[in-house]
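**Q** Before I ask anything, let me first share the structure, which is written out below as structure tokens.
The values are calculated or read from the model by the stated rules, or taken from the named source; none is laboratory data. This is a predicted model, so every value here is computed, not measured. FYI the Cβ positions are ideal-geometry reconstructions off the backbone, even for glycines, and counts take in every protein chain you see.
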Amino acid sequence: MIDDQVDQGGSAGPGGGGPGPAEGLEHGLYALAVRLGAVTSPEDAAAELGASLTEVCLAVARLVELHLLRADADGRLLPIAPRLAVSALVAPVERSIYQWQELADRYRERVEAITRSPRRAEERVGVVDGVSGAAEIRGLFALASRACRDELVVLRPSHHDEDFLDELLETCYDVLDRGVAIRVVCPHHSRARFTARAKARRLLEGGAQIRTRSSLARAAVVFDESLAVLLDLPASDGQQPTARRVDDRGVVRFVIEMFNQHWEDATPFSAAEPGYAGAVGDLHRAIARLMAKGLTDDGVARHLGMSVRTCRRHIAALLQNLNSVSRFQAGVHAAALLEPPARPPVNRQPG
């Protein structure tokens, strides 16, 4: 199914005018394919659009070239989602851009290695590049994955469009085919989603290690402890994701240390365990913290990336475990239970 449908109206072309005759016919033909699900006969399409068979055949050729139509085994012309067509068109260009970018970085590093003083050799400040758009980010991941040899680590937070985030990260996991180690930290709610569990099972079978936490602030991927990609995901549909490609040693080390802290605090994931098994205790502690802050059921659910219904089921279990009869009472009990221990006083030497 085409999820980003063609605009059925007459969108204006460059300069404020409408599309030209050729573009107008291509628009009409693509809209017809989307509406019918397929174009089965060029003759019928020509009659429907009021164009000659030659014009329709030329329009078909242009749409196939743009990856907006493809022929199946039965000769039907099937419409392709615009975002997939764009990805297919720009992927070779993006690969070339990133290859040249990698070459430029290597030249830069080689010159710096020769000209910097030995005393500052360990103080090199790396490069931070901005990337915008899903196709561009996938291209960056593809290039970095091909160069990855030892380990890939992934911080995968919740997102309102889980499939979109999985699609962005999918290319990274190809390194498993080459025996590269993968560690992934994702939210607890991934344990309860059928599609997420299926994808996690495939990664585990390939040799990846996965752990879960109550929540994660943002997405990040680190390749071989030398290159980090920090993702800024769109808060709503229609916005473009952005990423920062960082090879500065200090910043990459910081991201790795942050990942390792999440990893140590996270709960190992096993595809054989049902639902939240193994992570219920940590999940309930996270719910208690949010309740102690006064968040509503909706707020707690949104923060943890789960449905309100599931969240309320866990809150009910938590209320029972805390012997509480109200949210207020549970919040008070939770705050007392989760109060961090007092730190011992620091003995300062008189100076």
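**Q** Which residue is modelled with the lowest pLDDT, if the candidates are limited to the stretch 319-331 and must be over 13 Å from T296 (Cα atoms) and surrounded by fewer than 12 Cβ atoms within 10 Å (Cβ to Cβ)? Spell out how you get there, then give the answer.
**A** Residues of the stretch 319-331 over 13 Å from T296 (Cα atoms): 319-325, 329.
Narrowing the set further to residues that are surrounded by fewer than 12 Cβ atoms within 10 Å (Cβ to Cβ) leaves 320, 323, 325.
Working: Q320: 73, N323: 67, V325: 55.
For the stretch 319-331, the residue satisfying everything is V325.
**Q** Residues being in contact with a strand residue (DSSP E or B) (Cβ under 7 Å, 6 or more places away or on another chain), buried (at least 17 other Cβ atoms within 10 Å of the Cβ) and either of a type outside the set (V, I, T) or in a strand (DSSP E or B) (or both): count how many of those fall in the stretch 130-140.
**A** Counting residues in the stretch 130-140 that are in contact with a strand residue (DSSP E or B) (Cβ under 7 Å, 6 or more places away or on another chain), buried (at least 17 other Cβ atoms within 10 Å of the Cβ) and either of a type outside the set (V, I, T) or in a strand (DSSP E or B) (or both) gives 2.
One line per residue, one yes/no per condition, for (1) surrounded by 13 or more Cβ atoms within 10 Å (Cβ to Cβ); (2) in contact with a helix residue (DSSP H, G or I) (Cβ under 9 Å, 6 or more places away or on another chain); (3) among the small types (G, A, S); (4) in contact (Cβ under 8 Å) with a residue 60 or more places away in the chain:
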| site | (1), (2), (3), (4) |
| --- | --- |
| Y30 | yes, yes, no, no |
| A38 | yes, no, yes, no |
| E48 | yes, yes, no, no |
| V60 | yes, yes, no, no |
| R70 | yes, yes, no, no |
| V90 | yes, yes, no, no |
| I97 | yes, yes, no, no |
| E112 | yes, no, no, no |
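**Q** Being exposed (fewer than 11 other Cβ atoms within 10 Å of the Cβ), modelled with pLDDT of 70 or more and either out of contact with any Pro (no Cβ under 8 Å at 6 or more places or on another chain) or in a helix (DSSP H, G or I) (or both) narrows it down to one of A301, A316, so name that one.
**A** When all the criteria are applied, what remains is A316.
**Q** Could you figure out which of (1) under 29 Å from E167 (Cα atoms); (2) in contact with a Pro (Cβ under 8 Å, 6 or more places away or on another chain) isn't true of V93?
**A** With respect to (1) under 29 Å from E167 (Cα atoms); (2) in contact with a Pro (Cβ under 8 Å, 6 or more places away or on another chain), V93 is out only on (2).
**Q** Give the number of residues within the stretch 230-263 that are among the charged types (D, E, K, R) and part of a strand (DSSP E or B).
**A** Just the residues of the stretch 230-263 that are among the charged types (D, E, K, R), to begin with: 232, 237, 244-245, 247-249, 253, 257.
Remaining after also requiring part of a strand (DSSP E or B): 232, 244-245.
Adding up the residues that qualify gives 3.
**Q** I'd like the full set of residues that are more than 16 Å from E23 (Cβ to Cβ) and part of a loop (DSSP other than H, G, I, E, B), limited to the stretch 51-105.
**A** Of everything in the stretch 51-105, those that are more than 16 Å from E23 (Cβ to Cβ) and part of a loop (DSSP other than H, G, I, E, B) turn out to be S52, H67, D72, A73, D74, G75, R76, I80, A81.
**Q** Follow-up. Please go through the stretch 33-53 and pick out each residue that is within 17 Å of R70 (Cβ to Cβ) and among the hydroxyl-bearing types (S, T, Y).
**A** T40, S41
**Q** Here is a further query. Test L165 against the criterion of being surrounded by 14 or more Cβ atoms within 10 Å (Cβ to Cβ), modelled with pLDDT under 90 and part of a helix (DSSP H, G or I), and give yes or no.
**A** For L165, the condition - surrounded by 14 or more Cβ atoms within 10 Å (Cβ to Cβ), modelled with pLDDT under 90 and part of a helix (DSSP H, G or I) - is met.
**Q** Among the residues of the stretch 177-195 satisfying the criterion of being in contact with a helix residue (DSSP H, G or I) (Cβ under 8 Å, 6 or more places away or on another chain) and surrounded by fewer than 18 Cβ atoms within 10 Å (Cβ to Cβ), which is modelled with the highest pLDDT?
**A** Of everything passing the filter in the stretch 177-195, T195 is modelled with the highest pLDDT.
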